[in-house]
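Heads up: the structure comes next, in structure tokens.
A short reminder: the numbers here are calculations on the coordinates, not readings from a lab. Worth saying up front: this structure is predicted, and the values here are computed from it rather than measured. Cβ placement follows ideal geometry from the backbone for every residue including glycine, while neighbour counts extend to all protein chains displayed.
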Amino acid sequence: MRKRDIDERYDEIVEYAELEDAIDRPMKTYSAGMFSRLAFSVAMNLDPDVLLLDEILAVGDASFQQKSLQAMRSLLGRAGTILFVSHSLSSVEEFCDRAIWLDRGEISAKGDSKDVVEAYRTSVVGSRE
């Protein structure tokens with residue numbers, strides 16, 4: 001983003017990240033969660049064609065996670081493609097149309113997200129028995 005774009009969206013970015021009380025502190029004092037919230041908030045204020053989100057819903061409390069999920073749905077409607085990396089099976093089922101299950105860098109399954117999650121769950125249960 002250009003500085004002008006950031007300046008125009010600054011208040012929205014800070015408010016979305018829920019960091020009004022901390023925004024003036026040096027970033028080196030931010031926790032990993034605070035940094036991730038701010039990064040996600042900036043991403044939600046972009047208009048990307050493709051957006052890569054890695055474990056973003058693991059950040060914040062349940063309220064922030066729900067707000068983020070709604071924002072991602074809205075962005076998907078505008079942008080088209082979100083690559084969502086997560087260990088949260090329920091989030092993959094809820095948010096994704098298609099999924100890829102990677103195991104040690106190899107594709108174990110790909111296709112409909114519910115089918116891929118079910119294959120993963122079956123594999124984990126089978127490996128525990």
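Figures for the structure shown
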{"quantity": "Overall Cα dimensions of region 73-129 - principal axes, largest extent first, Å", "calculated": "44, 21, 16"}
{"quantity": "Relative contact order computed over the chain (Cα-Cα under 8 Å; 6+ residues apart), in percent", "calculated": "16"}
{"quantity": "Share of alpha-carbon pairs per 5 Å distance bin for region 10-52, given as whole %", "calculated": "5, 24, 32, 20, 12, 6, 1"}
{"quantity": "Mean separation of Cα contacts under 8 Å (6+ apart) over length of region 1-60, as relative contact order %", "calculated": "38"}
{"quantity": "Stokes-Einstein D in µm²/s, Kirkwood radius over Cα pairs - the chain at 37 °C with 0.692 mPa s viscosity", "calculated": "201"}
{"quantity": "Separation in nanometres of the label points that stand 7 Å from Cα toward Cβ, at Tyr10 and Gln70", "calculated": "2.7"}
{"quantity": "Nearest-0.05 FRET efficiency for Ala32 and Glu118, computed from C-beta distance (R0 25 Å)", "calculated": "0.20"}
